[in-house]
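Have a look at the structure below before the remarks.
What follows draws every value from the coordinates through simple rules; no lab data is involved. For clarity, every value in this text was computed on a predicted model and none was experimentally measured. Cβ coordinates were reconstructed from backbone atoms using ideal geometry, including for glycine residues, and neighbour counts include every protein chain displayed.
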Amino acid sequence: MKIEFLNKPLAEISADFEAILVVNKDLNHKFVKDKDEFEFFNYKGDKVLVLPEKKRIYVGIKELDYDKIRVCMSQIYNSLKTYNIKSVKLNSYLCKCTKKTFQAIAEGFILGSYEFTKYKSEKTEYKLNQIYISSEEFADKEVDEKKANLGLKNGDIIARATNYAKNGVNEIPEIYTPVKMADEAQILSARYDRVDCKVYDKSFLKEQNMNAFLAVNRSSANEPRLIHLTYTPKVKSLKRVIFVGKGLTYDSGGLSLKPSDYMLTMKSDKSGALAAMGIIKGAAELELPFEIHAIIGATENMIGGNSYKPDDVLISRSKKTIEVRNTDAEGRLVLADCLSYAQDFKPDILIDMATLTGACVVGLGEFTTGLLGNNEEFKKEYKEITKDSGELMTILEFNDYLRELIKSNIADVSNTSSSRYGGTTTAGLFLNTFIKEEYKDKWIHLDIAGPAYLEKSWGYNSFGATGAGVRANLYYLLELAKEAK
Ligand code: BES
Ligand code: ZN
Ligand code: ZN
């Protein structure tokens, strides 16, 4: 899809269709025509109205904030994609001519057009692939072509990095094994000069005493992989940012087997890993001025005679002992060892992403990521900065009462809480026990269990994977880069 900004009035642009935004039901705006049709279709300016004979589409938008713009662009695309048209033009009217506005426009079209059709025998080829944005009328500022084009370019990169993550998550567990994930990471590094990839197998995990990670893998027919991607900027790096991703290519629950209803969709338990890979891809294309790492623990959590068991005690890489009380709380075991490994690289910022707890979906709903950590300022700042990405975040607080709940009678820590409540926070607290004192304030944990995978589409997210974590973090890194300038 090509999205172009043209510094000329709408009438001078030829396209197959015109899209008109109706902001806050304002049908009196000069770009709004077709009043007779509105009367006939009882159109009040709040929804989508396609007028094929007039070759115009009206889309209601409550206000012109970035995320509503994304949803609106996705609606335009999805309402028109089945028509035999190639191009749509729209006004930039009323929008603020900021880089982020154009970023959101590009993201809306590209994210909204995503579909996972690999396993459909009949694939529909949509023709709509050219979008023109006219400079005709901005709300407040002069047209800044440079900003507009940079915004479109960034939006294109960010949305494609997100769709890349979606493709990996949507791939079936039979195909997308830990070895496949490692191969995909190698492909990324072959594609980008500044991305390096190291893949480690079981023998390395043994050497490193990553016994918590290894225990999860034990009864899987597929070997585990520790994947370490590094993006090194051309310029002198301003910071070292490390992302750690939960890469469970399948989570059956292990011996604490999931009921069938809950097992379904667990191919999505690799969403944290794919988010980290998407961020590396995006960072390389955006040429961010940071050294960025993705450290991924890739394994399945399966069941068999060799399975690790509730009652086992594992000696993790950090030497901390873990009592296993539930083999379905496996993500935190893999992450414990990966976080320990990640801290050896002395991060300035350490962010882990994981579909870690069902409790997060229960507590926050399926649209929102849980944001946890020790540093109140960092969490607030992160939430504030990532807001424009459209990813929703809720900060969850640690406290000393919850801390008590992961104590074990026979080991240093238990992999489950002794209470059935507060499961997302106690999972975060479990991870926190593997964060060394000097990194406590540099670390953030994102529980993306809710928004990572959808069984019902919303906004510009279609059924299946959403690429949660990619946009939020690329927005965060772009802002950090701006601040550092
Ligand atoms: N992968 C799941 C969490 C999950 C649930 C992700 C639903 C996405 C949607 C995780 O490994 C898990 O099973 N967690 C358990 C922890 C419990 C046993 C302490 C859970 O949330 O039930
Ligand atoms: Zn699990
Ligand atoms: Zn899991």
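Scan around PHE5 for amide H atoms under 5 Å from its own, H built in the peptide plane at 1.01 Å from N, and keep only partners 5 or more places away or cross-chain.
Hits under the 5 Å cutoff: ILE133.
Convert each backbone phi in the stretch 363-380 into a coupling constant with the Karplus relation 6.51 cos²θ - 1.76 cosθ + 1.60 (shift: θ = phi - 60°), then list the ³J(HN,Hα) values in order as whole Hz, x for Gly and Pro.
Those phi angles translate into x, 9, x, 7, 9, 10, 8, x, 10, 10, x, 8, 9, 4, 4, 4, 4, 4 Hz.
For the peptides 28-39, 469-480, 102-113, what is the packing order when you average, over each peptide's residues, the other Cβ atoms within 10 Å and list the highest mean first?
In decreasing order of mean packing, 28-39, 469-480, 102-113 become 102-113, 469-480, 28-39.
Please name whichever of THR117, TYR132, ILE61 sits farthest to the positive end of the charge dipole of the stretch 2-145, dipole taken about the Cα centre and charges placed at Cβ: Lys and Arg +1, Asp and Glu -1.
Towards the positive end, the residue furthest out is THR117.
Show me, for the stretch 247-262, the HN-Hα J-couplings you get by feeding each phi into the Karplus relation (A = 6.51, B = -1.76, C = 1.60, θ = phi - 60°), rounded to Hz, glycine and proline as x.
x, 7, 5, 7, 10, 7, x, x, 4, 7, 4, 6, x, 3, 4, 8
If you take every DSSP beta bridge whose two residues both sit in the stretch 2-145, what share of them, in percent to the nearest 5, is antiparallel?
Taking every DSSP beta bridge within the stretch 2-145, about 15 percent pair in antiparallel fashion.
Could you state the principal axis extents of the C-alpha atoms in the stretch 276-349, from the largest down, to the nearest angstrom?
47, 25, 15
For the stretch 309-376, state which chymotrypsin sites (Phe, Trp or Tyr not before Pro) are in a DSSP loop and have at most 15 other beta carbons lying within 10 Å of their beta carbon.
PHE345
When the helices in the chain are scored as -39500 (n - 2.57) per DSSP H run of 4 or longer and the sum is shared across all residues, what 222 nm value do you end up with, to the nearest 500 deg cm²/dmol?
Using -39500 (n - 2.57) per qualifying helix, the result is -10500 deg cm²/dmol.
Of the DSSP beta bridges with both residues in the chain, give the percent that are antiparallel, rounding to the nearest 5.
35
Report the Stokes-Einstein translational diffusion coefficient (µm² s⁻¹, integer) for the stretch 261-407, Rh taken as the Kirkwood radius over Cα pairs, at 4 °C with viscosity 1.567 mPa s.
It diffuses with D of about 74 µm²/s by this estimate.
Return an integer: the convex hull volume of the alpha-carbon atoms of the chain, in Å³ per residue.
Cα convex hull per residue, to the nearest whole number: 155 Å³.
For the stretch 2-145, just the Cα set please: Rg and Dmax, both in angstrom.
15.0, 49
Measure nothing but the geometry: give the 0 to 90° angle between the long axis through the Cα atoms of 178-191 and the longest principal axis through the Cα atoms of the chain, rounded to 10°.
50
Roughly how tilted is helix 423-432, in degrees to the nearest 10 and between 0 and 90, from the longest Cα axis of the chain?
60
Taking a 25 Å limit on the Cα-Cα distance, which of the listed pairs LYS346/LYS482; LYS258/LYS281; LYS54/LYS127 fall beyond it?
As for pairs spanning more than 25 Å Cα to Cα, those are LYS258/LYS281.
Pop a pseudo-label 7 angstrom from the Cα along the beta-carbon direction at both LYS62 and THR124 and give the gap in nm to one decimal.
It is 2.8 nm.
Using the Karplus equation 6.51 cos²θ - 1.76 cosθ + 1.60 (θ = phi - 60°), what ³J(HN,Hα) coupling, rounded to whole Hz, does each residue of the stretch 476-484 give in order, writing x for Gly and Pro?
4, 5, 4, 5, 4, 5, 5, 4, 6
What is the set of long-range amide H partners of ALA465 at a cut-off below 5 Å, with H atoms built 1.01 Å from backbone N?
ASN170, LEU454
Got a sec? How would VAL199, VAL235 order by Cβ neighbour count within 10 Å, fewest to most?
Sorted ascending by nearby Cβ count, the order is VAL235, VAL199.
Hey, can you rank 79-86, 268-275, 431-438, 394-401 by average C-beta count inside 10 Å, highest first?
268-275, 431-438, 79-86, 394-401
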